[in-house]
Structures are given as structure tokens and as C-alpha cells.
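Report on one structure; see the data block that follows.
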Amino acid sequence: MFVEAGLGRGDSVVVIAGTDQRDRLFERLAAGKFRPQSLRDPGQLSVLDAAEIAAGFVVGGVPQWTPFRNALAPVLSRLQASGRDTRVYSEMANTLWQAGNTDGAIGVEDFWNTLAGTYAFSLYCGYTMDTQSEHAYAAPLEELGRTHSDILSTPDDEQFGVALDRASKEIFGISLTQMSGVSRQDGARRFPSGQRTMLWVKRNLPLSTAQLAEKARQYFRENRA
């Protein structure tokens, strides 16, 4: 995991997450060779509440740059003074995304990119979304892709991509991932292949999105059985 790997390298790590995720993190660290409290003492690990931090810079649903910078710049300055590399795991944008404030979430991602122009850090943004559901693609995922250098896939993502190819061949007579238009959009090309396919269908064949997703979920479940 991003956090454990950073601590193992001796990096400074900032975790900005909800209570459940923080508890799970501490359980993993305690089960391994890391002890969260001992890491916090020398300042190698800083843990912040995502909802609390976001509440301080989101006004009327709109993220504000100055309070965002004022909340995070001191943390990054303190950690970088140690001379270690810095990693940040953040769920702040996800907090807004899950609340339906997708524009606010994208604004937060743009703020992180601006902050990276002043401070050196590696950022991992954690999101919770069901990318096998057609409803996920009603949100501006391509804009989310634009704000990130990479979007990491999981084994399930790859298996769902295979299921989507099978479904698209059955419904459309062609594997949509083979079509050049699937990956041309800058925001979409960072996603795993199956998600790129869904984004393409949403953009070009919106009435078929639900049908394709349902058929792909069927094949995905069959492959896992």
C-alpha cells in the first residue's frame, strides 16, 4: 500500500482520511512492523480528518484556494524540513464526490496540483466508486482523469475490462477497446481499459450504457464463480 511503502522507505507521510479508513490503516500498521504512535512522535506520520479539513475550505460547496493552502502548507513545510521525501494520501476530494459535489472534488484536485508547484510530494487520492455501475459514468470522470497523472487499476478492473469486451462484441459486434476513439480523450486515457470503454459508450452511445454495464457485470460474475 502507498502509505506502508512510504513509511518503509523512511518517507514522511500525511494521511487525510475519514475515521473508518484511519482505523483500518492503524490496524494494518499495528499488525506489521510499524507502530502509529511511535511514528507520529518524530513527525514521520501526520493524520488529519478529511471531513474536518474540507469543512474549513469549502464554502457553499465551492472549494476556496486560500484556506486550502493555509490548512495544508504548514503540514507540508514541517515534514519537508526533516529532509525526507513526502507522501500524501487524501480522501478529501472523495468526501465531496460522495456527497454529489463533483465540481468541488475536481476543484480540490486542481488545488493539489497547484500546491505541488510549491511543495514536493507524491499524492495518492483515494476514491470510493462502483465503476461497474453505469451510474458512476454519469459523473464527470473524464475531468477527474484530467487532474491525475495516473489512475491505478486493480485486478477486478482488468477482469471487468475483459467482461466489457465480451459484452460489447455481443451487443455491438466489435470490441470497443480496439476502436481508436476509445482512448483519444486526454481525461479518459488514464483510466483502465474497461472504464475507458464505458466512458466512450457514455459519450457516443449513451442509451446503450446501462445495457452494456449489465451484460458485462453478468460475465464478470460468471468469470469469478
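The values are calculated or read from the model by the stated rules, or taken from the named source; none is laboratory data. Everything numeric in this text was worked out from a predicted model, so none of it was measured. Cβ atoms come from the backbone with ideal geometry, glycine included; neighbour counts cover every protein chain shown. Accessible surface areas use protein heavy atoms only, side chains included; no ligands, DNA or RNA. Shrake-Rupley method; radii C 1.70, N 1.55, O 1.52, S 1.80 Å.
Straight-line reach from K202: which lysines fall under 17 Å, measuring Cα to Cα and dropping same-chain residues less than 8 apart?
Result set, ordered by chain and number: K169, K215.
Round to a whole number: what % of the accessible area of the stretch 1-141 belongs to carbon and sulfur, probe 1.4 Å?
49 percent
Would you work out the charge dipole size for the stretch 1-99 about its Cα centre, treating the Cβ of every Lys and Arg as +1 and the Cβ of every Asp and Glu as -1, and quote it to the nearest 20 debye?
300 debye
Across the stretch 130-146, in residue order, what do the Karplus-derived ³J(HN,Hα) couplings come to in whole Hz, using 6.51 cos²θ - 1.76 cosθ + 1.60 with θ = phi - 60° and x for Gly and Pro?
8, 6, 8, 9, 5, 5, 5, 8, 6, 7, x, 5, 5, 5, 5, x, 4
Just subtract the alpha-carbon distance of Y127 and Q211 from 0.36 nm times their residue separation and send over the number in nm, one decimal.
27.7 nm
If packing is taken as the average count of other Cβ atoms within 10 Å, what order do 46-55, 145-154 fall into, highest mean first?
Final packing ranking: 46-55, 145-154.
For S193, S175, give the ranking by accessible area with the largest first, probe 1.4 Å.
So, going from the largest accessible area down, we get S193, S175.
Given a 1.4 Å probe, how much area per residue of the chain is accessible, in Å²?
49 Å²
Can you pull the Rg over Rh of the stretch 35-162, Cα-only, Kirkwood?
My calculation puts Rg/Rh at 0.99.
Multiply the residue separation of A55 and S153 by 0.36 nm, subtract the distance between their alpha-carbon atoms, and state the gained length in nm to one decimal.
Going from the current span to full extension adds 32.3 nm.
Roll a 1.4 Å probe over the protein heavy atoms and report the accessible area of R78 in Å², nearest 10.
About 130 Å², rounded to the nearest 10.
Would you calculate the separation in nanometres between label points at N204 and A136, each defined as 7 Å from the Cα along the Cα-to-beta-carbon direction?
2.1 nm
Please give the Cα centre distance for the stretch 113-144 versus the stretch 53-75, rounded to the nearest Å.
17 Å
Find how much the distance from W65 to E222 grows on full extension, using 0.36 nm per residue of separation minus their present alpha carbon separation; answer in nm with one decimal.
Taking W65 through E222 to full extension adds about 51.8 nm, to one decimal.
Let me have the 222 nm mean residue ellipticity of the chain computed from DSSP H runs of 4+ only, each contributing -39500 (n - 2.57), with the sum over all residues rounded to the nearest 500.
Here the helix-only value at 222 nm equals -16500 deg cm²/dmol.
So for the chain, what percent of the C-alpha to C-alpha distances run longer than 21 Å?
60 percent
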